[in-house]
Amino acid sequence: MALKIIDHGSSDYQKMVELRLQLLRKPLGLGFTSEELEKEKEDILLGCFEDDQLEACCILTETDPSTIRLRQMAVGAPLQGKGIGRVLMSFAENISRDRKYQRLTMHARKSAVGFYEKSGYRICSDEFTEVTIPHYVMEKNL
């Protein structure tokens, strides 16, 4: 497995958009707007590759100078439960620390809360609906 930062607009970025579309959006009957994708130019785009195949990805978006937000975490179905998500989370946290962020936050799907809690994140909001499904704000000091 190779972990790397993905350049916006690259062929790897196109793979990332497709993985997120298939795993996160299509099951909810949603897609991406060109405006949503354009905003990602300012984000840190991370991917986990096996033989040039994108297996997992996530996005880091600055919310303020000390806080970064994890978004669009996706792990391909065949690899879910095999530790790839944990490896990608650790990579995202290390990148965030290297860039001097002190806190990582996210809007976690209710179904993924247990995964993030095992990595040291805590719920810090009431349940809310986003992209048609229940979420919680979660955070961790880095």
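Would you mind stating whether V87 is among the β-branched types (V, I, T) and assigned to a strand (DSSP E or B)? So V87 fails the test. Of all the criteria given as (1) crowded, with 16+ Cβ neighbours inside 10 Å; (2) at pLDDT below 95; (3) farther than 20 Å from E36 by Cβ; (4) hydrophobic (A, V, I, L, M, F, W, C), the one not satisfied by A77 is (1). One residue stands out in the range 108-133 among those that are assigned to a loop (DSSP other than H, G, I, E, B) and of a type in the set (V, I, T): the one that is farthest from M73 (Cα to Cα), namely T132.
Take L104 and tell me if it is in contact with a Cys (Cβ under 8 Å, 6 or more places away or on another chain), modelled with pLDDT of 95 or more and surrounded by 18 or more Cβ atoms within 10 Å (Cβ to Cβ).
On the way: in contact with a Cys (Cβ under 8 Å, 6 or more places away or on another chain): no; modelled with pLDDT of 95 or more: yes; surrounded by 18 or more Cβ atoms within 10 Å (Cβ to Cβ): yes.
Criteria not met by L104.
As a summary of the residue check, M89 satisfies the conditions (1) crowded, with 18+ Cβ neighbours inside 10 Å; (2) touching a strand residue (DSSP E or B) at 6+ places or on another chain (Cβ under 7 Å) except for the one numbered (2). Residues in the range 27-66 that are of a type outside the set (D, E) and in contact with a helix residue (DSSP H, G or I) (Cβ under 9 Å, 6 or more places away or on another chain): how many? Total meeting the criteria: 18.
The values are calculated or read from the model by the stated rules, or taken from the named source; none is laboratory data. The structure presented is a predicted model; accordingly, all values stated were derived computationally and were not measured. A quick note on method: Cβ atoms are made from the backbone with ideal geometry, for glycine too, and the neighbour counts reach across all protein chains shown.
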